[in-house]
Amino acid sequence: MTLELNQVAPQVRAMGRSLAEQKPAWDETLQTAQSLLRQYSTQFTALDDRLQHAERVQQSQRFGWVGAAPTGEALAERYALPSCPEQVTVIASDGSQILPDQHAITLYYLINTGSIVYQHGSNRKPETYNPKPLLCFELEDLVDEQGRLISPSEVNVKRDIAEVEVLIDRVNVINHNTTSSIVTLLDGQLTLRVIDLPFDQQQTYQDQYIAKLNTLSESNVLLGGYIDRPRSTFVLALMHLASLEMNSITEENLRLSPFRHLTDRDLFNFLGPGERSAIFSLKAKGLDKYNQAGHTIHFFYLNVSKNETMPHLARVEVPAWVATNSLTLDILHATIVRQARITGSYPYVLARAHELAIISTEEREAVEMMLAIEMRRQGLSPSLSPKQFNKTLLGNRESFKL
Amino acid sequence: MTSALTIGWVLRASTVGFTVGCRVLQPNAPQFGDLVKVPLPDDNTNIFGLIYNVQVQDDPAVRQLILTGEMEPEAVLDQRENRLVPIEISVLVVGYQLGKTDIVQGLPPQPPLSLDMLILCDDAELRAFTKRLDYLRLVLNAAQIPADEALIANLRRAAAAYPQETRYQFLVSAGRELARLLNSDLVRLDSILRRIKPE
């Protein structure tokens, strides 16, 4: 045991005291934020004026305000759980990866995806599908022109694109066999996280990804990104903006949020079982391509719990082509709640897609063993780096474990 | 009738018994007390055993579904048929057969190995095995298993494999052998005989 728990224990006690001491102040701030939400619930013009002013303020600055914008629904309203169609098809996909590791026996990365098609009301076994895992080992897969190793962020982006490819594949199969609505679900946000990549790669990958969103849109399916236990503060950012006088909307003031210890989940703690919040559109730099392609990202908060005393709020992202149609939005809302109630708090299909895609430690070790055997067969001498070799040796020492 | 139904594959084994893993209980899956065999691939040996326990292992995902109580039929089918629901069948070894020789009712020289296949014995094999009843002693003496219940189920199943005209004789022979083995425990003997008594 290397962590001196006896030295951590007093700090844990101090942490507990601090949390308890801060709670009254936090509750007071939450009440302020919620009263702002009620006050500005339908004051769309005032909010739009402030949003436009904030955009002008940040145009000349590097600072990019990220927040929510109203879409016409009353902000403080609770939107009841619609009835779910008896027959609805839900398709989910997920992915996982083995990242390239310079300390491993050789450089490679692997992407594995899994998906499930669940037809509610069919009495049929859900169909699971795992496309062939993608093992990338060629030089052009691994390094750029300057010889820099592919970053984990880029592998993650490739995985995200692969997840949507699987969705499209399954939609193409199912679309011919069902007349029910099809809801496709992804775990996480709908936008590709490209911020860590060089600019030209950002553009390339976003174009690829948006082309796939176009395909989904043209397939007449619904699409949602499910973010469990979100820590986003988009609506709080809007409330902060609402609290500022027009002439006080400056870059400096926008940066100083009085609500920084809260999240939107706290703000919407009044949502009852199955209820959703108003729909907002997401304002942020870097979403222009999505907006131009008709995929403007919208979102709402959703209490998927059926227990009054134990709310479970998720954030659901939907593209404009789902958000602007109340019928499709109701189907998506009801279907997600129906799915989440199978497990109690999280869509069943997403849990299963994760299970189908996840690469376990044992599987990773098996891949490395296969690689080592093949390399030896080819007359090569695979070996771990000295650092990894020693870490493995020491990490396996049982006597140092609790 | 014959039924070369593969039930599952050996998970762990010893000379006196072994455990088999299988995905899901099929409609024709073996039952408590059934005679099963494991053919050893290399030396043409069959190891015979009696199923004395079928156990559905705990699964956190299933536990979660039970707790929520929203049991949709599609989710149940997914859990049963798509996921690897771990079912373990425990088998008591009661005999073996080397090549084409007679079946020996006793412990084999070697246990089966991991991933050897478990097969349900058909009626002919059941009749061939129960020509002798030395295995009754092995079952009665097995510790920590429901030996009497497994034996009763096995004898009733074996009797059903015999033609009507010899079924009564088979059960009488089994009863006599049990009386010999349990002559010092008449209460136990009585409870078994009552349950295997011919209709």
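What follows draws every value from the coordinates through simple rules; no lab data is involved. Since this is a predicted model, take the numbers as computed values, not measurements. Note: ideal-geometry Cβ built from the backbone for every residue, glycine included; neighbour counts use all protein chains shown.
Numerical summary
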item: Highest-MSF residue in chain A out of A:257, A:93, A:305 [GNM, Cα springs under 10 Å]; result: A:257
item: Sorted largest first, extent of region A:277-340 alpha carbons per principal axis (Å); result: 41, 24, 17
item: For chain A, built as a Gaussian network whose Cα springs stay under 10 Å, the top-fluctuating residue of A:307, A:177, A:214; result: A:177
item: Candidate lysines for bridging to residue A:285, where Cα separation is under 25 Å - those fewer than 8 sequence places away on the same chain excluded; result: A:158, A:212
item: Loop-located trypsin sites (Lys or Arg not before Pro) in region A:129-229 whose Cβ has at most 15 other Cβ within 10 Å (DSSP); result: A:148, A:193
item: 11 Å beta-carbon shell around residue A:106, net charge (K/R +1, D/E -1); result: -3
item: Stokes-Einstein D for region B:33-72, Kirkwood Rh over Cα pairs, 4 °C, 1.567 mPa s (µm²/s); result: 95
item: Separation between Cα centres of region A:190-213 and region A:367-395, rounded to whole Å; result: 34
item: Three-way shape label, region A:361-400, alpha-carbon gyration tensor, a/c 1.5; result: oblate
item: Loop-located GluC sites (Glu not before Pro) in region A:143-217, at most 13 other Cβ atoms within 10 Å (DSSP); result: A:145
item: Whole-angstrom gap from region A:260-329 to region B:154-189, using each part's C-alpha centre; result: 71
item: Whole-Å semi-axes of region B:6-196's equivalent ellipsoid (Cα gyration tensor); result: 32, 21, 15
item: In sequence order, calculated HN-Hα J values of region A:109-121 (Karplus, 6.51, -1.76, 1.60; Hz; x Gly/Pro); result: 9, 9, 10, 10, 10, x, 8, 9, 10, 10, 9, 4, x
item: Top of B:45, B:19, B:68 by mean-square fluctuation, Gaussian network on chain B, Cα under 10 Å; result: B:68
item: Sparsely packed chymotrypsin sites (Phe, Trp or Tyr not before Pro) within region A:83-160, loop by DSSP, other Cβ within 10 Å at most 15; result: A:137
item: Alpha-carbon Rg/Rh ratio, for chain A, with Rh computed the Kirkwood way; result: 1.00
